[in-house]
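Notes follow the structure.
The values are calculated or read from the model by the stated rules, or taken from the named source; none is laboratory data. Keep in mind it's a predicted model, so treat the numbers as computed, not measured. We place every Cβ from the backbone using ideal geometry, glycine too, and count neighbours over all the protein chains shown.
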């Protein structure tokens, strides 16, 4: 008789290997294999039907939007902007560069508005559109698409509330981005958008714009709003003025100038805290953001004083724009921040519109008309184009899409970065050539994501693909480093950043054929390219949005002919890491 009882033997029996179980199930159930094969087949057929190397269906474009973004519709403001720059070029004896070709302009638009270059799918349908309408239709396509709304919302959010996650208990950054994206999708007017944000109430989890305020909560002070930080954000973003430099002392350097242009004065410490006083009624509680109308007047200890002094709410200029009596805030009923918001969006308040025009120009061309971007003079002087764009922005009722469209049709945006004649620093300084600026980290990550797919990564992309892309790009940006709200500062690239581009997980896994994602660009180009020359052309189009030169074809095509798969992978890696791919030009 065995020493082992049946129970002992059962206890000693090895647990089944999960991999063996799955393998046995796979072979025991033919329907599983059939369903899996059918799913893969349908996905593949869908992909191939959507994309053809020679012909891709032109997407549906809102005709009213298309009409509103055309050069002919915008001839008056575009001509005014162009005249301003042309006069400046003539005065400086600068010969502007020639007009860039359509593909290059498409690349600029796509990088600025979506953070990605155009897909091969977009390039193919654009090639079917008559030349005089190509850029109009592509611009309308971008402006109506969700990736544009999401990307522009993220860029604005970085400036308005910062790039960090902030105090989690009272702050939901993604709620703010989602709300802002929806406003852009609906083409909400900029003044109404800002007014809603500055007067928002309620819970940060329910009402997206509340997070503009809760982002400024101080965790060390029981999550109450840091009024100094909040006032700095408001003044820099919505007035284009760094009045936060006045929080500690008066300005004795001439860096600020308030009052009427005929009698300007230097900024005072009270100018900053008088603006902060508009937000002194704010209260952040577990039930949300509210206004305490009976709150005591905001107080601060001014430089040289020994005790705090009450600082009444007031603005450093344009007090006559207040709807109340004698140009002063009403202290009897309406929350003070509501009155500030109404003053801010007044059509007479040109700094409000001017600050957004300057930021939108920077979004589209890589750097602002006035630098630093958040320090515009109240009374000028102003560079060419700024006042003309501001006039039209106010006159259009703060139409953001129209502002973007006017900038896209302007001469500085359409100019090449290179010319047949010698270019000097004056060309970029005076916008006589398109400025070459390094891509931001999220644009680099977006480039890798789009290059890995021949079809457009837009709102029709499968949700799993969107989630994978979101995770990969966030990881890339974390590793690469993010400038946050200092997004327009051009820093040199570090060795570790360059190595991340060369050898990082995102680049190496997305841009390979063997073991890579099914239907990625390497696999598809190997299938679509009939000749080595055609393969080289496809690779140049998806990475650089241009066709290769004859010399490039002569040098590279033989390498592809020797080993198609390896040649495609190698050339793709070289192009993605080239200076041409990593700069907007």
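Could we say that residue 401 is surrounded by fewer than 19 Cβ atoms within 10 Å (Cβ to Cβ), farther than 25 Å from residue 261 by Cβ and touching a residue at least 12 places away in the same chain (Cβ under 8 Å) here?
Against the criterion (surrounded by fewer than 19 Cβ atoms within 10 Å (Cβ to Cβ), farther than 25 Å from residue 261 by Cβ and touching a residue at least 12 places away in the same chain (Cβ under 8 Å)), residue 401 qualifies.
Here is a yes/no grid of residues against (1) under 22 Å from the mean Cα position of the chain (by Cα); (2) surrounded by 17 or more Cβ atoms within 10 Å (Cβ to Cβ); (3) at pLDDT 85 or above; (4) not in a helix (DSSP H, G or I):
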| position | (1), (2), (3), (4) |
| --- | --- |
| 405 | yes, yes, yes, no |
| 426 | no, no, yes, no |
| 432 | no, yes, yes, yes |
| 459 | yes, no, no, yes |
| 468 | yes, no, no, no |
| 484 | yes, no, no, yes |
| 492 | yes, no, no, yes |
| 506 | yes, yes, no, no |
| 514 | no, no, no, yes |
TODO: Report yes if residue 159 is under 19 Å from residue 366 (Cβ atoms), at pLDDT below 95 and assigned to a helix (DSSP H, G or I), otherwise no.
DONE: yes
TODO: Looking only at the range 198-206, decide whether some residue is assigned by TED's automatic domain parsing to the domain that holds residue 339, buried (at least 23 other Cβ atoms within 10 Å of the Cβ) and more than 19 Å from residue 360 (Cα to Cα).
DONE: yes
Task: Residue among 284, 246, 239, 268 that is under 20 Å from residue 221 (Cβ atoms) and touching a residue at least 12 places away in the same chain (Cβ under 8 Å) - done: 284
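Given the structure, is residue 53 touching a helix residue (DSSP H, G or I) at 6+ places or on another chain (Cβ under 7 Å), at pLDDT below 95 and surrounded by fewer than 18 Cβ atoms within 10 Å (Cβ to Cβ)?
Yes: the conditions hold for residue 53.
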- [ ] Test each condition in (1) out of contact with any helix residue (DSSP H, G or I) (no Cβ under 7 Å at 6 or more places or on another chain); (2) surrounded by fewer than 21 Cβ atoms within 10 Å (Cβ to Cβ); (3) modelled with pLDDT of 95 or more for residue 219 and report the one that comes out false.
- [x] (3)
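Go through 313, 355, 341 for me and flag whichever is surrounded by 17 or more Cβ atoms within 10 Å (Cβ to Cβ), part of a loop (DSSP other than H, G, I, E, B) and in contact with a helix residue (DSSP H, G or I) (Cβ under 7 Å, 6 or more places away or on another chain).
Result of the check over 313, 355, 341: 313.
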Task: Restricting the range 167-186 to residues that are touching a strand residue (DSSP E or B) at 6+ places or on another chain (Cβ under 8 Å) and outside any helix (DSSP H, G or I), the residue that is modelled with the lowest pLDDT - done: 167
- [ ] Select from the range 529-552 the residues that are within 19 Å of residue 576 (Cβ to Cβ) and part of a helix (DSSP H, G or I) and list them in ascending order.
- [x] 535, 536, 537, 538, 539, 540, 541, 542, 543, 544, 552
- [ ] Confirm whether residue 442 is part of a helix (DSSP H, G or I), under 22 Å from residue 239 (Cβ atoms) and in contact (Cβ under 8 Å) with a residue 40 or more places away in the chain.
- [x] no
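Going by the structure shown, is residue 93 on the phi > 0 side of the Ramachandran plot and surrounded by fewer than 18 Cβ atoms within 10 Å (Cβ to Cβ)?
Taking the combined requirement at face value, the residue satisfies it.
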TODO: Would you kindly identify the helices (runs of 4 or more DSSP H) lying entirely within the range 90-152 that contain at least 3 residues that are in contact with a helix residue (DSSP H, G or I) (Cβ under 6 Å, 6 or more places away or on another chain) and closer than 20 Å to residue 406 by Cβ?
DONE: 102-114, 131-143
- [ ] Test residue 139 against the criterion of being more than 30 Å from residue 72 (Cβ to Cβ), crowded, with 21+ Cβ neighbours inside 10 Å and modelled with pLDDT of 95 or more, and give yes or no.
- [x] no
Open item on the list: Quick check on my filter: what residues within the range 161-171 are surrounded by 21 or more Cβ atoms within 10 Å (Cβ to Cβ) and more than 19 Å from residue 222 (Cβ to Cβ)?
Closed with: 161
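So that you can scan it fast, the table gives a plain yes or no per residue for (1) outside any helix (DSSP H, G or I); (2) buried (at least 16 other Cβ atoms within 10 Å of the Cβ); (3) touching a helix residue (DSSP H, G or I) at 6+ places or on another chain (Cβ under 6 Å):
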| position | (1), (2), (3) |
| --- | --- |
| 234 | no, yes, no |
| 240 | yes, yes, yes |
| 245 | no, yes, no |
| 253 | yes, no, no |
| 260 | yes, no, no |
Task: In the range 63-89, the residues that are outside any helix (DSSP H, G or I), in contact with a helix residue (DSSP H, G or I) (Cβ under 7 Å, 6 or more places away or on another chain) and surrounded by fewer than 20 Cβ atoms within 10 Å (Cβ to Cβ) - done: 70, 71, 73
